[in-house]
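A short worksheet on the structure shown next.
The values are calculated or read from the model by the stated rules, or taken from the named source; none is laboratory data. Remember, it's a predicted structure, so these values are computed and weren't measured experimentally. Neighbour counts run over all protein chains shown; Cβ positions are idealised from the backbone, glycine included. Quick note on the areas: whole protein, heavy atoms, side chains included, nothing else; ligands and nucleic acids left out. Shrake-Rupley method; radii C 1.70, N 1.55, O 1.52, S 1.80 Å.
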Amino acid sequence: MDQTRRIRMTCRLFLLLSAMLTGVCAFAQPARPAIPPDIAGEWVLQSNEDPGQIGGQGQPTLGYYLGIPFNDAGRMRADTSAESIWGTPEYQCRPHSAPHQWRGLGGARILKEEDPLTRDIIAYHIQFMRGLDWPIYMDGRSHPPAWAPHTWTGFSTGEWLGNTLKVTTTHLKDGYLRRAGPQTSDMYTMTDFITRHGELLTAVTVIDDPIYQDEPFIQSTTYQVDINATTNWETCNGSSTGENGGNNRHWVPHFLPGQNTGLTEWLKNEKWIPEEPTRGGIKTIYPEYKSALNGSIKVADLKVPASKTAVNSSKAIADQSPKDGDVHVLPVQGNIYMVIADGTNITVSVGDEGVLMVNTGTPAMSDKILAAVRQLINQPPAPNQCFGVNCRGTVGWSSPFINNTISSPTPAKPLRYIINTSAAPENIGGNQKIASSGYFPRGGGFGNAVANPGRAAQIIAHENVLFRMSAAGPNSPAAPTAAQPTDTYFDEFHKLPEYFNGEAVIVYHEPSANTDGDSIVFFRHSEVISAGNIFSTVSYPFIDLEKGGSVQGVIKGLNHILDLAVAEYRSQGGTWIIPGRGRLSDTADVASYRNMLSIVRDRVQDLIDKGMTVEQVKAAHPTMDFDGRYGSDTGSWTTAMFIEAVYKSLKEKK
Amino acid sequence: MRRLFPIVLAGVLLASTAAYSHHSYAATYDVGKEIKLEGKLIQFSFKNPHSYVTIQAPDSKGEPQRWSVEWAGTSQLSTRGITQESLKVGDAIIIVGRPSRVPGEFKLLMVNLTRPSDGFSWGTRSGEVVE
């Protein structure tokens, strides 16, 4: 074999091996480079474009929006946000919002989680001083459904683009783009491009918030490796009543429009900066803006190459509460499941004593709801785990677990209770059919002397629900007796007389909220609150003034939920709250909604105090910064109707 | 919303301080103003990243209020010999601080603290600024 041939053979062999190796790698992780750079380790913050750096202060300045592609809603939200919100009980332990995590002090620690068998990287975990563990999954798992909870770090998946790790994050909570004002909604997505260059690590972050921005906002942060560094850790030790002083634990700090007079203070020391671009907006962040600065063109006439958001906010919000004629089930915690039935959330407790449902959806969904509940209570038995030395004393047929092995499990108990949180059609619509599928013994006994009238599940509600259902309306008959509550309460709360599925279940009345008959239901061991229509993640609260509702009552109800609920850690998780409509939530989500509603209430009250009519108040757009998130121009509950209800609540029930 | 603000003492001051708070001082507090409180200490929470002094003192209407005063963290205070034992519940103290920017909020950023009974003070010497 001559040398040329040997070289050719060697090359072919090399190419073949390369192809095989590539194939193997591609099979394992398609987007990963052959040898991905190792980004794990201890990193210290080196530089960023944080505006605080300008004055060497390290903290952003109030009113500094340079470079932020704000829309009008985003600017209003920033102007009226108070930094004191950090001091409220619900937020004093929250970590930095995701866009700011890279900017926070204390360094970053990046860990690798490996498959113990293959050593493939399952996930990277990034940790900051004021943060929760941020997992970035590399194993190809999909992002959760839209009705899953949002968290401070969101849900992240990663893929390698050459030597850059692209991280896509969804399911983020609302927070701030940067400190001192600029906010994000909870509908933004974040994309990080993390690249290692030797000793340096660069994170380019794209924040795409369709509610507050006209186009994505991009920032970069550089870290330097430091093998001697240790990422600091800050535990939360906030006080139970917050840090804002006073004695109102429900205090929501904010500025009324025009009240935040400190927005331009910093310009007194930076006289060379014109005020207009400091207010943000896409027309001020492109080079074309120079023409406006020298006066050759008006800003309004400027054309700039804006890149549109990739997030369809209307769809993303609607997806949290899908009206698709179908049923979706989300396991929550303890005994509790959240069943989404054509846009209405139903809370279901499943356990040894049977089933309890909070609300029953619309009549059209009853069959599908019942089918979903049957699936929950008739799940196939798990293989027996009680055997041998781990389960002494339960031998053979005396073991209750043998039923699993012989495929003869104890029959599931039926539906026992329905609790209606209001008389809204989507809460009571399925009462008759669904209740008749259940069984609750009522009386009877004494041999055959007293007949047992219980042939259906018990239906519990506040007595005002029964009053409404039993009375014919102007265009509707009274509800059938079989659909009406069988047991009502009139007090502040009603406790189920004994544990159900091993826990206390307490029904609280929330007076004058959406109506005069609203309840919330607290599952005390599972740590779940079913909030009914008081809380929604997809719309402003429906306030029915004619049926005794008021904005003050809804806020009071939300505050009650916040008083009952406890976060698991850093203002996240813990007590789960199931809204009437929308995604599964926690205390921070309820706080955000309560804050929004309190802010709207204060703004409308301020306009009333100025002598405005309801039409003038509507024209003043007091909800502009929240309309993209909760508002609607069409449908049965529009923004205008909501503002009018708030106005009348405050005007008539002061 | 609650409103009010007591005695405005000083005019424009320098912009904010250092970088260790989870929130921005300049955005939280009106660094161009100072107010003075005289009252009884309810609680001294000696902790990181910042300590808090809770004091009962009258507002501008003379109504007693719980004021929350943000102070330095333990490391900074320790360099001046301050410990959890330095302040006692019920101490009569005088605090000068920068008020919250939010109208009606009862909180301050500590500028100086004095206890007349024994002359204890902080904030009057060089370097005694909340970081």
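Is there a residue in the stretch B:8-31 that is modelled with pLDDT of 90 or more, within 26 Å of A:Asn595 (Cβ to Cβ), in a loop (DSSP other than H, G, I, E, B) and not polar (S, T, N, Q)? I'd like the intermediate steps shown before the answer.
Going residue by residue through the stretch B:8-31, those that are modelled with pLDDT of 90 or more are B:28-30.
Next, only the ones that are within 26 Å of A:Asn595 (Cβ to Cβ) stay: B:28-30.
From the residues that got through so far, the ones that are in a loop (DSSP other than H, G, I, E, B) too are B:30.
When the remaining residues are screened for being not polar (S, T, N, Q), the result is B:30.
Yes, because at least one residue in the stretch B:8-31 is modelled with pLDDT of 90 or more, within 26 Å of A:Asn595 (Cβ to Cβ), in a loop (DSSP other than H, G, I, E, B) and not polar (S, T, N, Q).
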Residues (open to solvent by 20 Å² or more (accessible area, probe 1.4 Å), out of contact with any Asp or Glu (no Cβ under 7 Å at 6 or more places or on another chain) and among the aliphatic types (A, V, I, L, M)) located in the stretch B:84-100:
B:Val89, B:Ala92
Residue under question is A:Met190, and the condition is that it be at pLDDT 95 or above, open to solvent by less than 10 Å² (accessible area, probe 1.4 Å) and not small (Gly, Ala, Ser); does it hold?
yes
Quick count over the stretch A:58-89, residues being acidic (Asp, Glu) and surrounded by fewer than 24 Cβ atoms within 10 Å (Cβ to Cβ), is 2
Being at pLDDT 95 or above, β-branched (Val, Ile, Thr), open to solvent by 10 Å² or more (accessible area, probe 1.4 Å) and assigned to a helix (DSSP H, G or I): is that true of A:Ile555 here?
no
Any residue that is within 27 Å of A:Ala456 (Cβ to Cβ) and not β-branched (Val, Ile, Thr) - is there at least one of those in the stretch A:307-326?
yes
Consider the stretch A:93-123. How many of its residues are in contact with a Ser or Thr (Cβ under 8 Å, 6 or more places away or on another chain), open to solvent by less than 20 Å² (accessible area, probe 1.4 Å) and away from chain B (no Cβ under 14 Å)?
4
Among (1) away from every other protein chain (no Cβ under 14 Å); (2) more than 22 Å from the chain's Cα centre (by Cα), there is one condition A:Asp209 misses while meeting the rest; what is its number?
(2)
I need a count of the residues in the stretch A:264-297 that are facing chain B (nearest Cβ under 10 Å) and open to solvent by less than 70 Å² (accessible area, probe 1.4 Å).
2
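For the stretch A:391-423, which residues satisfy the criterion of being in a loop (DSSP other than H, G, I, E, B), within 26 Å of A:Arg455 (Cβ to Cβ) and in contact (Cβ under 8 Å) with a residue 12 or more places away in the chain? Break it down into steps so the answer makes sense when it comes.
Step one: of the stretch A:391-423, the residues in a loop (DSSP other than H, G, I, E, B) are A:392-395, A:399-401, A:406-414, A:420-423.
Next, from what is left, pick out any that are within 26 Å of A:Arg455 (Cβ to Cβ): A:409-414, A:420-423.
Selection gives A:Pro409, A:Ala412, A:Lys413, A:Pro414, A:Asn420, A:Thr421, A:Ser422, A:Ala423.
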In the stretch A:586-595, is there at least one residue being within 28 Å of A:Gly473 (Cβ to Cβ) and modelled with pLDDT of 95 or more?
no
Would you mind finding the one in A:Ala620, A:Ala567, A:Ala645 that is open to solvent by 10 Å² or more (accessible area, probe 1.4 Å) and more than 14 Å from the chain's Cα centre (by Cα)?
A:Ala620
Could you tell me which residue of the stretch A:231-257 is surrounded by the fewest Cβ atoms within 10 Å (Cβ to Cβ), considering only residues that are within 12 Å of another protein chain (Cβ to nearest Cβ) and under 16 Å from A:Ser81 (Cα atoms)?
A:Leu256
Can you confirm whether the stretch A:371-390 contains a residue that is outside any loop (DSSP other than H, G, I, E, B) and crowded, with 20+ Cβ neighbours inside 10 Å?
yes
Among the residues that make up the stretch A:47-66, is at least one of them more than 28 Å from B:Val130 (Cβ to Cβ), away from chain B (no Cβ under 14 Å) and modelled with pLDDT of 90 or more?
no
Among the residues listed as B:Thr28, B:Thr83, the single one being in contact with a helix residue (DSSP H, G or I) (Cβ under 6 Å, 6 or more places away or on another chain) and not acidic (Asp, Glu)
B:Thr28
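Considering every residue within the stretch A:102-119, establish whether at least one is closer than 30 Å to A:Asp326 by Cα and aliphatic (A, V, I, L, M). Give the steps one after another, and end with the answer.
Filtering the stretch A:102-119 down to residues closer than 30 Å to A:Asp326 by Cα leaves none.
Checking the stretch A:102-119: not a single residue is closer than 30 Å to A:Asp326 by Cα and aliphatic (A, V, I, L, M).
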Identify the residue in the stretch A:588-611 that is away from chain B (no Cβ under 14 Å) and touching a Pro at 6+ places or on another chain (Cβ under 9 Å) and, among all such residues, is surrounded by the most Cβ atoms within 10 Å (Cβ to Cβ).
A:Tyr593
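Could you tell me whether any residue of the stretch A:320-330 is modelled with pLDDT of 95 or more, at positive phi and buried (at least 17 other Cβ atoms within 10 Å of the Cβ)?
Taking the stretch A:320-330 as the starting set, the residues that turn out to be modelled with pLDDT of 95 or more are A:320-330.
Then drop every residue that is not at positive phi, which leaves A:325.
Those still in the list that are buried (at least 17 other Cβ atoms within 10 Å of the Cβ) too: none.
No, the stretch A:320-330 contains no residue that is modelled with pLDDT of 95 or more, at positive phi and buried (at least 17 other Cβ atoms within 10 Å of the Cβ).
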